[in-house]
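Here is the structure we will look at.
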Amino acid sequence: MAAEPTIEEQIAAYQREFQDLDPQVEQIVSALGRLNRRMNVAYGRQTSEIGISNAEWEVLKALVLSGAPYRMGPGDLAKRLGLTPAAMTHRIDRMVQEGLVTRDRDENNRVRVIVELTADGREKWLHAMRLATVFEEDLLQDLSPAERNALGEVLTRLLRRVEHAQPDAGGRLNDLD
């Protein structure tokens, strides 16, 4: 299998084929894309080590972010994660079998279903957070506090611009499960 071209090689090839390319912009966008892809692989390896998938991690994270008692409806989870209801149901089915979440009828509205984080699910989330923290600190070790702050501010500005221009882009173009 051929190695991925370096960013410099990629920019040179693009410039050869598309003269209007701004190499500075392409360097930034390519580096962000590659960093995101490699970070997702690293996170996937970490979650795999503790017996959950990245997809399951996303559900655990959404439940934790909802606050105690860590409960949400499947439709709300699907919207938050940008999934179809069918994909969310499939994901929840697996997680119920693994003891990471429970799925019960809402006592106040018997038509509504509630997904709730279990103690085991919360422990898996905490373990994944501990692993991620070590990885992220290592990733940013060469940056000073001022550089970290500046990078965080710049990336947040870029994210806001994309969110403003593409408000519906929080989800997926297709399901990953």
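The values are calculated or read from the model by the stated rules, or taken from the named source; none is laboratory data. Remember, it's a predicted structure, so these values are computed and weren't measured experimentally. No Cβ is skipped: glycine too gets one built from the backbone with ideal geometry, and neighbour counts run over all protein chains shown. Side chains included, ligands, DNA and RNA excluded: accessible areas come from the protein's heavy atoms. Shrake-Rupley method; radii C 1.70, N 1.55, O 1.52, S 1.80 Å.
At-a-glance table
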item: Residue check for residue 102: part of a helix (DSSP H, G or I), among the hydroxyl-bearing types (Ser, Thr, Tyr) and closer than 25 Å to residue 66 by Cβ; result: no
item: Looking only at the range 149-177, and only at residues there that are open to solvent by less than 80 Å² (accessible area, probe 1.4 Å) and assigned to a loop (DSSP other than H, G, I, E, B), the one that is modelled with the highest pLDDT; result: 169
item: Number of positions in the range 107-130 that are in a helix (DSSP H, G or I) and either free of Cβ contacts under 8 Å to residues at least 60 places away in the same chain or in contact with a Ser or Thr (Cβ under 8 Å, 6 or more places away or on another chain) (or both); result: 7
item: Unmet requirement for residue 29, which otherwise passes all of (1) β-branched (Val, Ile, Thr); (2) within 19 Å of residue 159 (Cβ to Cβ); (3) at pLDDT 95 or above; result: (3)
item: Count - residues of the range 4-27 that are within 26 Å of the chain's Cα centre (by Cα) and open to solvent by 90 Å² or more (accessible area, probe 1.4 Å); result: 1
item: Per-region count, the range 53-104, residues among the small types (Gly, Ala, Ser), open to solvent by 50 Å² or more (accessible area, probe 1.4 Å) and within 17 Å of residue 43 (Cβ to Cβ); result: 0
item: Selection status of residue 146, open to solvent by less than 20 Å² (accessible area, probe 1.4 Å), of a type in the set (Gly, Ala, Ser), on the phi < 0 side of the Ramachandran plot and assigned to a helix (DSSP H, G or I); result: no
item: Close pairs (6 angstrom Cβ cut-off, 6 or more residues apart or separate chains): closer than 16 Å to residue 113 by Cβ in the range 75-90, surrounded by fewer than 16 Cβ atoms within 10 Å (Cβ to Cβ) anywhere; result: 78/85; 87/177; 90/177
